[in-house]
Amino acid sequence: MFTGLIREIATVKNYSNNILTIKSKHKAKLGDSIAINGVCLTVIKVNEDGFDLELADETRSIIDESKLSGRVHIEPAMQMSDRFEGHIVQGHVDCVGTVVEINQLENATDFIIEVDPKFIAHIIPKGSITIDGISLTVNDVGEKSFRLTIIPHTLRETLMGDYEIGTKLNIETDVFARYIDHILQHRDRKESMSWDEVDNIQMVY
């Protein structure tokens with residue numbers, strides 16, 4: 001589990017044959033879970049200046065692989081003793097969104113992000129969303145897009161300051177919205193869900 005608070009902006013050294021090599025100050029351990037631009041991956045090798053991670057075919061089929069180059073957000077998995085900030089993030093990307101509009105305000109910047117309309121039900125006004133691993137608050141939601149208002153601090157401390165119209169984004173919607181939607185879609189079933197079915201739902205997300 002993650003919080004959506006970026007701990008470091010690292011650099012991709014190489015990405016080939018499903019292996020992602022990251023240059024980072026973070027001292028990872030073999031088997032660690034680390035979110036790279038919002039994607040939960042497992043460390044398979046520790047290097048002097050960083051670590052290697054492996055991407056499954058399922059992951060590659062969902063994310064935008066262009067996000068695995070240059071500078072990237074990283075967040076190590078949360079530990080039980082950590083202070084809980086941000087919001088509950090699983091590192092399971094739901095879809096790829098696109099920046100379609102950027103509006104400079106007096107002391108903030110509005111980003112309008114477009115997604116496949118089927119994911120809009122899981123994006124809640126004033127709720128939480130994860131964009132490239134960043135925990136953010138949704139302001140407004142339309143039929144196929146939503147609006148974020150980003151303060152200068154976030155623009156400075158993340159890669160959002162580099163975003164422009166057309167930038168692709170890894171998006172993880174609200175985990176509770178996904179659970180509730182799934183339950184409501186199955187509310188007419190005559191039989192109660194078994195524990196195996198509940199476990200399967202959790203594995204999907």
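What the table shows:
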quantity: Options R147, R178, R189; residue that is farther than 19 Å from L5 by Cα, modelled with pLDDT under 95, surrounded by 14 or more Cβ atoms within 10 Å (Cβ to Cβ) and among the basic types (K, R); calculated: R178
quantity: Residue match in segment 121-129 (condition: at pLDDT below 95, polar (S, T, N, Q) and outside any strand (DSSP E or B)); calculated: no
quantity: Number of positions in segment 133-144 that are more than 15 Å from V115 (Cβ to Cβ) and crowded, with 20+ Cβ neighbours inside 10 Å; calculated: 3
quantity: Subset of segment 1-31 [surrounded by 17 or more Cβ atoms within 10 Å (Cβ to Cβ), at pLDDT 95 or above and out of contact with any Gly (no Cβ under 8 Å at 6 or more places or on another chain)]; calculated: L20
quantity: Lone qualifier among V138, V93, V72, V99 - being assigned to a loop (DSSP other than H, G, I, E, B) and under 17 Å from the mean Cα position of the chain (by Cα); calculated: V93
quantity: Residue count, segment 1-44 (criterion: among the small types (G, A, S), in contact (Cβ under 8 Å) with a residue 24 or more places away in the chain and in a loop (DSSP other than H, G, I, E, B)); calculated: 4
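The values are calculated or read from the model by the stated rules, or taken from the named source; none is laboratory data. Computed from a prediction, not measured in an experiment: that's the story for all the values here. Cβ: placed from backbone, ideal geometry, glycine included. Neighbour counts: every protein chain shown.
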